[in-house]
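Shown next, in structure tokens, is the structure this report addresses.
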Amino acid sequence: MIIIGITGLIASGKTSVATMFAAEGVPSFNADDAVHELYSEKEILESLAKIVPDAVHDGMLDRKILSQIAHDHPEILLKLEELIHPMVRDKMKRFVQDNSAAGKNVVLLDVPLLYEGGLDKICNYVVCTKASDSDIKERFLKRPNSNLEKLEIIIAKQKNYDKEKLADYIVDTSQDLSNTKHQVKKIVLEIKNKHA
């Protein structure tokens, strides 16, 4: 099983590029989607209610309140990560195992903090998405509940590693979509040829 990790700064195009890999026949695991799935499970909501009682009402999570509390209280963010991260890793392991059992020989892991979490160590290759600062800013500010202060905090957290230097491949998403698709096709072909 060839495992490709994808990383990059927030709003640098990771999810779009992961979708392009999927279109090339490479199944993609999205860690953010896995977190959202976990947040809807009853047992997890009960645990979240103990950590952030203000963010859970009538068995539903208010993600806006959760985000604000986590932003304002680093110790609560740490507790949330301790609760959720091991479960996301379990889902990711099952994803790899299921695809291996289904006869797939390449998968992609879309994990925002790939290097920070040490998950690059299980990857055969790492792809880093990059975009101009202005593109990142424009894309991020289109998201719900976003502002410049939040962007700066997230980027500061993500810039602990020079991801472009550490990665095996870089996909520049600042150009048009067809150019990005061409870059992805080239990477998939090259990796498959290496392992043919």
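Here is a check on your reading of the model: is residue 79 of a type in the set (D, E, K, R) and touching a residue at least 40 places away in the same chain (Cβ under 8 Å)? Steps first, please.
Working: of a type in the set (D, E, K, R): yes; touching a residue at least 40 places away in the same chain (Cβ under 8 Å): no.
For residue 79, the condition - of a type in the set (D, E, K, R) and touching a residue at least 40 places away in the same chain (Cβ under 8 Å) - is not met.
For segment 90-108, name all the residues that are in contact (Cβ under 8 Å) with a residue 24 or more places away in the chain and either assigned to a helix (DSSP H, G or I) or crowded, with 16+ Cβ neighbours inside 10 Å (or both). Steps first, please.
So the first thing to find is which residues in segment 90-108 are in contact (Cβ under 8 Å) with a residue 24 or more places away in the chain, and the list is 91-92, 95-96, 99-100, 104-108.
Result: 91, 92, 95, 96, 99, 100, 106, 107, 108.
Determine which single condition residue 67 fails, assuming it passes every other condition in (1) outside the structural domain of residue 177 (by TED's automatic domain parsing); (2) not aliphatic (A, V, I, L, M); (3) not in a helix (DSSP H, G or I).
(3)
Name every residue in segment 27-62 that is more than 16 Å from the chain's Cα centre (by Cα) and among the aliphatic types (A, V, I, L, M), in order of residue number.
Answer for segment 27-62, where residues must be more than 16 Å from the chain's Cα centre (by Cα) and among the aliphatic types (A, V, I, L, M): 44, 45, 48, 49, 51, 52, 55, 56, 60, 61.
Taking segment 153-167 on its own, how many of its residues are farther than 14 Å from residue 7 by Cα and exposed (fewer than 10 other Cβ atoms within 10 Å of the Cβ)?
1
Of a type in the set (Asp, Glu), farther than 28 Å from residue 63 by Cα and more than 16 Å from the chain's Cα centre (by Cα) - does that describe any residue in segment 140-159? Steps first, please.
The first filter runs over segment 140-159 and keeps only residues of a type in the set (Asp, Glu), leaving 149, 152.
Applying the additional criterion that residues be farther than 28 Å from residue 63 by Cα yields none.
The answer is no, given that none of the residues of segment 140-159 is of a type in the set (Asp, Glu), farther than 28 Å from residue 63 by Cα and more than 16 Å from the chain's Cα centre (by Cα).
Quick check: anything in segment 79-92 within 30 Å of residue 173 (Cα to Cα) and in contact with a strand residue (DSSP E or B) (Cβ under 6 Å, 6 or more places away or on another chain)?
yes
Going residue by residue through segment 7-21, is there one that turns out to be under 30 Å from residue 190 (Cα atoms), without any contact (Cβ under 8 Å) to a residue 12 or more places away in the chain, in the same structural domain as residue 174 (by TED's automatic domain parsing) and in a helix (DSSP H, G or I)?
Looking only at segment 7-21, we keep the residues that are under 30 Å from residue 190 (Cα atoms), and these are 7-21.
The next check asks that each one be without any contact (Cβ under 8 Å) to a residue 12 or more places away in the chain; those that pass are 19.
Then keep just the ones that are in the same structural domain as residue 174 (by TED's automatic domain parsing); that gives 19.
Those still in the list that are in a helix (DSSP H, G or I) too: 19.
The answer is yes; a qualifying residue exists.
Applying the selection to segment 113-152, what residues are touching a Lys or Arg at 6+ places or on another chain (Cβ under 7 Å), of a type outside the set (Ser, Thr, Tyr) and buried (at least 16 other Cβ atoms within 10 Å of the Cβ)? Spell out the reasoning first.
Step one: of segment 113-152, the residues touching a Lys or Arg at 6+ places or on another chain (Cβ under 7 Å) are 115, 128-129, 145, 151.
Next, from what is left, pick out any that are of a type outside the set (Ser, Thr, Tyr): 128, 145, 151.
Correct list: 128, 151.
Out of the residues in segment 137-177 meeting the condition of being in contact with a helix residue (DSSP H, G or I) (Cβ under 6 Å, 6 or more places away or on another chain) and farther than 14 Å from residue 10 by Cβ, tell me which one is modelled with the lowest pLDDT.
174
Among the residues of segment 22-45, write down those that are among the aromatic types (Phe, Trp, Tyr) and in contact (Cβ under 8 Å) with a residue 60 or more places away in the chain. Spell out the reasoning first.
Taking segment 22-45 and keeping what is among the aromatic types (Phe, Trp, Tyr), we get 29, 39.
Once the filter is applied, which keeps residues that are among the aromatic types (Phe, Trp, Tyr) and in contact (Cβ under 8 Å) with a residue 60 or more places away in the chain, segment 22-45 yields only 29.
Give me a count of the residues in segment 41-63 that are charged (D, E, K, R), assigned to a helix (DSSP H, G or I) and either at pLDDT 90 or above or in contact with a strand residue (DSSP E or B) (Cβ under 9 Å, 6 or more places away or on another chain) (or both). Please lay out each step first, then the result.
If we filter segment 41-63 for residues that are charged (D, E, K, R), which is where we start, we get 41-43, 46, 50, 54, 58, 62-63.
Filter once more, so that each one left must be assigned to a helix (DSSP H, G or I): 42-43, 46, 50, 54, 63.
This time we only want the ones that are either at pLDDT 90 or above or in contact with a strand residue (DSSP E or B) (Cβ under 9 Å, 6 or more places away or on another chain) (or both), so: 42-43, 46, 50, 54.
Counting residues in segment 41-63 that are charged (D, E, K, R), assigned to a helix (DSSP H, G or I) and either at pLDDT 90 or above or in contact with a strand residue (DSSP E or B) (Cβ under 9 Å, 6 or more places away or on another chain) (or both) gives 5.
Pairs needed: first member in segment 111-132, among the aromatic types (Phe, Trp, Tyr); second member anywhere, not in a loop (DSSP other than H, G, I, E, B); C-beta distance under 7 Å; at least 6 residues apart or different chains.
Short answer, once both residue conditions are applied: 115/7; 115/163; 115/166; 125/4; 125/169; 125/191.
The values are calculated or read from the model by the stated rules, or taken from the named source; none is laboratory data. Because the structure is a prediction, the values reported are computed rather than measured. In this analysis, Cβ positions are derived from the backbone assuming ideal geometry, glycine residues included, and neighbour counts consider all displayed protein chains.
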